[in-house]
Amino acid sequence: IRSVIECLVTRPFVEGGCDFLKAPTALTCTPGAELAELFLQYTGMNCQGDPWCTDSNGGPSGAGEVYIDVTDCEKAGFFQGTVSLDDTIRINSRGNFLCPEITVTIQEVDFDEETESNNGATIQTLVLPTTCPFWTLNEDYGALQLTQYTSDIDGIQTTSAEIFMNFAVDNLGAFGATVEMGNIESPFGSGPPPGLPLDLPRRTRASLLEQTATIDLIGEGGRSFDFSLQLDAVANTQFGLPCDDFANYTFTL
């Protein structure tokens, strides 16, 4: 048998998996960089005195649901839709913003299905530069907080990542085997794999445990995550020969 540990990054997309997941190296986007994407979490906050933020009708004031419309000088629609508290919106520049600013209009929700438009009162307006170094991770821009950005110089910079772990077993032999015992060590939960003993036909793989986790990345550069999988099995033959395997995996932010 062979013990298998797989690690994938499900958000943001990181080619090559967890081995290439890194803590942000540039909280603020590099001057002159061209922005490709912005991810903004709706927090419900009112303006904090910044000249590019204007509250009206009492401001968001923690409203649980709002309608957000994002446009630019060309009236291009980057986002339109209803957003709940803590939801994240994605603004894609389609390669590079053509206008020096985007306008974010936040309204109360009063959506008309017939006209496909929202008629709620405007409660906050943001006029935000599309240039660097204006944008900084974890900074508040009115009722929005920047959680991730991508630029041509900085690449993907994000405050957190979601990972998927799969602990599995391969039977590479010509005979079936029974996995009798095992142990998983993981920062997200350790212990014996569920479902043992497990009969495993020849030349097949079985997943023993899947884990998902969100990792905070800010200030975590150099932090390591260690995983291991120990399995003990016997061959399903008249002799019942024992077989075991151990795997470990580490990635460093």
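A few remarks follow.
- You will find that of 62, 17, the residue that is at positive phi and either buried (at least 17 other Cβ atoms within 10 Å of the Cβ) or out of contact with any strand residue (DSSP E or B) (no Cβ under 7 Å at 6 or more places or on another chain) (or both) is 62 and no other.
Quick grid of which residues meet (1) buried (at least 17 other Cβ atoms within 10 Å of the Cβ); (2) among the basic types (Lys, Arg):
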site	(1), (2)
181	no, no
189	no, no
205	no, yes
213	no, no
230	yes, no
237	no, no
245	yes, no
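- Taking the numbered list (1) of a type in the set (D, E, K, R); (2) under 21 Å from residue 151 (Cβ atoms); (3) in contact (Cβ under 8 Å) with a residue 60 or more places away in the chain in turn, residue 15 passes all entries but (3).
- Screening residue 124 against (1) open to solvent by 10 Å² or more (accessible area, probe 1.4 Å); (2) of a type outside the set (A, V, I, L, M, F, W, C); (3) in contact (Cβ under 8 Å) with a residue 40 or more places away in the chain leaves a single unmet condition, (1).
- In the stretch 142-175, residue most open to solvent (accessible area, probe 1.4 Å) [restricted to those that are closer than 24 Å to residue 251 by Cβ and of a type in the set (Asp, Glu)]: 162
Conditions tested, residue by residue: (1) among the hydroxyl-bearing types (Ser, Thr, Tyr); (2) modelled with pLDDT under 95; (3) surrounded by 15 or more Cβ atoms within 10 Å (Cβ to Cβ).
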residue	(1), (2), (3)
68	no, no, yes
73	no, yes, no
94	no, yes, no
98	no, yes, no
103	yes, no, yes
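- Residue that is at pLDDT 95 or above and open to solvent by 60 Å² or more (accessible area, probe 1.4 Å), where the choices are 116, 139: 139
- Complete set of residues in the stretch 35-73 that are under 25 Å from the mean Cα position of the chain (by Cα), of a type in the set (A, V, I, L, M, F, W, C) and not in a loop (DSSP other than H, G, I, E, B): 35, 36, 38, 39, 40, 66, 68, 70
- Checking residue 1 against (1) out of contact with any Cys (no Cβ under 7 Å at 6 or more places or on another chain); (2) surrounded by 15 or more Cβ atoms within 10 Å (Cβ to Cβ); (3) β-branched (Val, Ile, Thr), the condition it does not meet: (1)
The values are calculated or read from the model by the stated rules, or taken from the named source; none is laboratory data. What you see is a predicted model; the values in this text were computed from it and never measured. Cβ atoms come from the backbone with ideal geometry, glycine included; neighbour counts cover every protein chain shown. All accessible areas refer to the heavy atoms of the entire protein, side chains included, with ligands and DNA or RNA removed. Shrake-Rupley method; radii C 1.70, N 1.55, O 1.52, S 1.80 Å.
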